[in-house]
Each structure stands twice: as C-alpha cells, then as structure tokens.
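The values are calculated or read from the model by the stated rules, or taken from the named source; none is laboratory data. All values reported here derive from a predicted model rather than from experimental measurement. Backbone-built Cβ (ideal geometry, glycine too); neighbour counts: all protein chains shown.
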Amino acid sequence: LWPEAAGRLPKADQQKQMEAVGQLTGGIAHDFNNMLQGVVGGLAMARRQIGRGQPERAARYLDVAHGAAEGAAGLTQRLLAFARRQRLESRPVDADALIAGMADLIRRAMGPGIEVELRLRDGAGVVLCDPNELESALLNLCINARDAMPEGGRLAVATREVRLSAADVGNGEAMPGTYAEISIADSGTGMPPEVVARVFEPFFTTKPLGQGTSLGLSQVWGFVRQSEGLVRIESAPGRGTTVRLLLPLHEGRPPATAEPLSPALPSASARGTVLLVDDEDVVRGPAAERLRELGLAVLEARDGPEALRVLASSPPPDLLVTDVGLPGGMNGRQVAEAARERLSGLPVLFITGYAGTALPPGVEVIGKPFDLETLARRVQAVLEARRQNPGSAGGP
Ligand SMILES: Nc1ncnc2c1ncn2[C@@H]1O[C@H](COP(=O)(O)OP(=O)(O)OP(=O)(O)O)[C@@H](O)[C@H]1O
Ligand SMILES: [Mg+2]
C-alpha cells in the first residue's frame, strides 16, 4: 500500500513511513532469524544423533526444532493480528463477566506492589468479538501498566457504556453508535507525546532489547480495529496512562454460554476418501501421508483445475481439504463451489495461512501452520459427522 500513498505524502511523513517500514522489516527479520536458527540447529543435531544411532537424543533435538517453529508461528500470528488479517472467532461476549473472570490472573500478574481495582458496570453490555483475543489484549495492557510502575502503584480496570457521535469517531474511523468502553488506567511513568504517537507500531519499544516482542500494542490495535472498534490512549509523563478500548455494543441475542469442546475422537482407523488440494509440496506431502496412516485414501491436486480433473476421473471423495490461496486461477473457495456442483453436500475443510480471502461464516477452517494431529482429528470429525448425518455435513 505504502509506495502509492507515499507519493502523495509530504516529505516528513514519507520519511517517517519509511522508518516505520524499516523498523517493521528489521524486527521481523531479527525475530525470525533467531527462531529459524532454533529450527536449523535442532534439525542438524537430530540428524547427527540419528547417524550415531541415538534416536532418543535425536527426538530431543526434534522437540527443540518444533518449539522454535511454534515460536515463529506465534510471531506470524501477532503480525497477522496487526494486519487485521487474523482469523477471529467473534461471538457475543459479556465484557464484564470476561474481565471478572480474569481478576485473579490480573492480580497475580501485577504482584504485591500494585493495587488492582475493578470498576465493572454490571452487565456493561455485550460486545461482538473474539473472547480469547480480548483476554490477551487486556492482559497485554495490564502487563504494560505493570512495567510502567516498577515502584508499585494503582491499576484500575473499568467498563462503561459510551455513545459516540459522528464527530467523536472522526474521519470514518468507526461507526457512530453505542460502545462498551473498557479502560485500563495506571499510575505509572506515563509517556511523552512522541512516544504515544508511535506505540502502535510493530516492534516499537522503549524497553531494553530482548524483553519481549514489542508487538503488544500493535496486536491490541489490530484486534480492536478488526472488531470494528477503536483504541484511545491518554498519557503524560509522570501522570500515568489510560488506554480505552471501545467495542461496538451488540444489541442482538445474549451471549451463549461457552459450549464444551467436543471430545477428541479416538485416533483409530478411519475409512473414506479425501481430496487434498495444496500447491506447496511441503504442505501437501506430509499431510497426505498422515491421512493415509489413518487408513484413508488420499487423492492429491496442486490447484483447482487439477482438482476438478481428479474429481472427474476418480471415485468420488467423502471430503475436500483445500488450501485457500491457490495458483491456477481458482482460489480454494471457488474449488469448493465447483466441487459441490458435482458432488452436492461434499464437506469441505479449508486450510489457510492468511485470512486474505473471505470465507463464508461457519465453514470448517484450520490455520497454517497446523499440527498434523490437529488435521487428523478434524478430518476424522468431519467424516464422522457425515456418516452420522449424511447429506448435511460441511456447512454452507
Ligand atoms: N501503560 C504504559 N505506560 C507507559 N508506557 C507504555 C504503556 N504501555 C505502553 N507503553 C509504551 O509503549 C511501548 C510499546 O508497547 P508494546 O506493548 O507494544 O511493546 P512492549 O511492551 O515494549 O513489548 P512487549 O509487549 O512485547 O513486552 C512500550 O515500550 C512503552 O514505551
Ligand atoms: Mg507490552
């Protein structure tokens, strides 16, 4: 986006934007290289141990590599949050209940020197957002507050309802209307205006190197914006900081009580045929192999047109598993539509690394990078649902 935009910006702003992009690129490169080092080093040592006939030691190094890869996945997750391209599971959430449920966690995170006060408006209202992301945003903000109060102080978490007029929301940043405001106020060091201006930038930090990822506030910002809300910060040196999250009130039905997760299915052998579509051999190969281990027949295709040829010439599959971003002129959503024209009711499980293509709500999705066990479990669950309820499985 920025090169075109930069053409229209005054010189000073252009300079700042270049700096911000440089900071972002450098930050990603630095963190990623460290994690890749863990992967590369762990794999190299595992290979050596296998060569020495020491499989148990090799397994330990493989765990190291796996842990580093998971760290990298956490980083891309936070970057996608900032890019407002996260896969959010939004549902009606009672903000007060959620905060009350976090009270112990917050108190423990603050430690003894900080007095914690919750001022929750009874049933402050139901907001539509992803409760897990809201929790992690609040925790991030509380930890920032703690870090700003090394000598102790006061933290107040409060909720209230506010009405924002067209003038309040400014240049179409958000819709005028009623919002639930969650404020996190600390009596800490506060920030000068030039710091406030930059706090949402990824990798911007005033903390010593190596103390976290400095993606905290950029993640909060991305999550709230993607949930159609606003973030406001008031701060001054020596006067503490108040961060306000404004999330649109949800007028519809009350929040559903959390549904228990469906228990893991036994990983015994499964029956059926899966059509697996992904252009990346390194993604498709191991996934296909894991599904075959389950006892499934797996048909593979690299893109949409190939998938349709396979559909025309092979026994009909019981499930389509497809990547969303595909070469060959069709995205995964279009592959699913075309496949369902041929086989109505065919269940579809999407795999995606990035929520760039909108998927219909309620479809089955797995985010990359996924664990092969997660894939195996989800595939078995969809196939099982289809067996129990033929013709209606798989969502819209
Ligand atoms: N409550 C606060 N009081 C004073 N300064 C703050 C506060 N919250 C954020 N900041 C400033 O904003 C910067 C960016 O915050 P952010 O949460 O994005 O990253 P971080 O806290 O530095 O790193 P991380 O969250 O990964 O540990 C902080 O380094 C700090 O300078
Ligand atoms: Mg932080």
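Hey, does segment 358-372 have a residue that's part of a helix (DSSP H, G or I) and more than 21 Å from the chain's Cα centre (by Cα)?
No, there is no match, as no residue in segment 358-372 is part of a helix (DSSP H, G or I) and more than 21 Å from the chain's Cα centre (by Cα).
Considering only residues of segment 139-180 that are among the aliphatic types (A, V, I, L, M) and within 12 Å of ligand 2 (Cβ to nearest atom), which is farthest from Gly229 (Cα to Cα)?
Of segment 139-180, the ones among the aliphatic types (A, V, I, L, M) are 139, 141, 143, 145, 148-149, 155-158, 162, 164, 166-167, 169, 174-175, 180.
When the remaining residues are screened for being within 12 Å of ligand 2 (Cβ to nearest atom), the result is 139, 141, 143, 145, 148.
On the way: Leu139: 18, Leu141: 16, Ile143: 21, Ala145: 21, Ala148: 25 Å.
Out of the qualifying residues, it is Ala148.
Filter segment 122-165 for residues that are in contact (Cβ under 8 Å) with a residue 60 or more places away in the chain and among the β-branched types (Val, Ile, Thr) and give the result.
Selection gives Val126, Val127, Ile143, Thr159, Val162.
Could you identify the single residue in Ala301, Ala297, Ala307, Ala288 that is closer than 27 Å to Val324 by Cβ, over 24 Å from the mean Cα position of the chain (by Cα), at pLDDT 95 or above and surrounded by fewer than 17 Cβ atoms within 10 Å (Cβ to Cβ)?
Details: Ala301 fails: surrounded by fewer than 17 Cβ atoms within 10 Å (Cβ to Cβ); Ala307 fails: surrounded by fewer than 17 Cβ atoms within 10 Å (Cβ to Cβ); Ala288 fails: surrounded by fewer than 17 Cβ atoms within 10 Å (Cβ to Cβ).
Only one candidate qualifies: Ala297.
Of the numbered conditions (1) modelled with pLDDT of 95 or more; (2) more than 16 Å from ligand 2 (Cβ to nearest atom); (3) under 27 Å from the mean Cα position of the chain (by Cα), His250 fails exactly one; give the number of that condition.
For His250, the failing item is (1).
Just one of (1) at pLDDT 95 or above; (2) buried (at least 16 other Cβ atoms within 10 Å of the Cβ) trips up Cys129, so point out which.
(1)
Looking at (1) within 11 Å of ligand 1 (Cβ to nearest atom); (2) assigned to a loop (DSSP other than H, G, I, E, B); (3) of a type outside the set (Phe, Trp, Tyr); (4) surrounded by 13 or more Cβ atoms within 10 Å (Cβ to Cβ), which is the one condition that is false for Val220?
With respect to (1) within 11 Å of ligand 1 (Cβ to nearest atom); (2) assigned to a loop (DSSP other than H, G, I, E, B); (3) of a type outside the set (Phe, Trp, Tyr); (4) surrounded by 13 or more Cβ atoms within 10 Å (Cβ to Cβ), Val220 is out only on (2).
Cβ contacts < 6 Å: first residue over 14 Å from Arg342 (Cβ atoms), restricted to segment 293-307; second residue aliphatic (A, V, I, L, M) and at pLDDT below 95, any location; separation 6+ or different chain. Result?
If the second residue must be aliphatic (A, V, I, L, M) and at pLDDT below 95, the pairs left are Leu294/Ala270; Gly295/Ala270; Leu296/Ala270; Asp303/Leu326.
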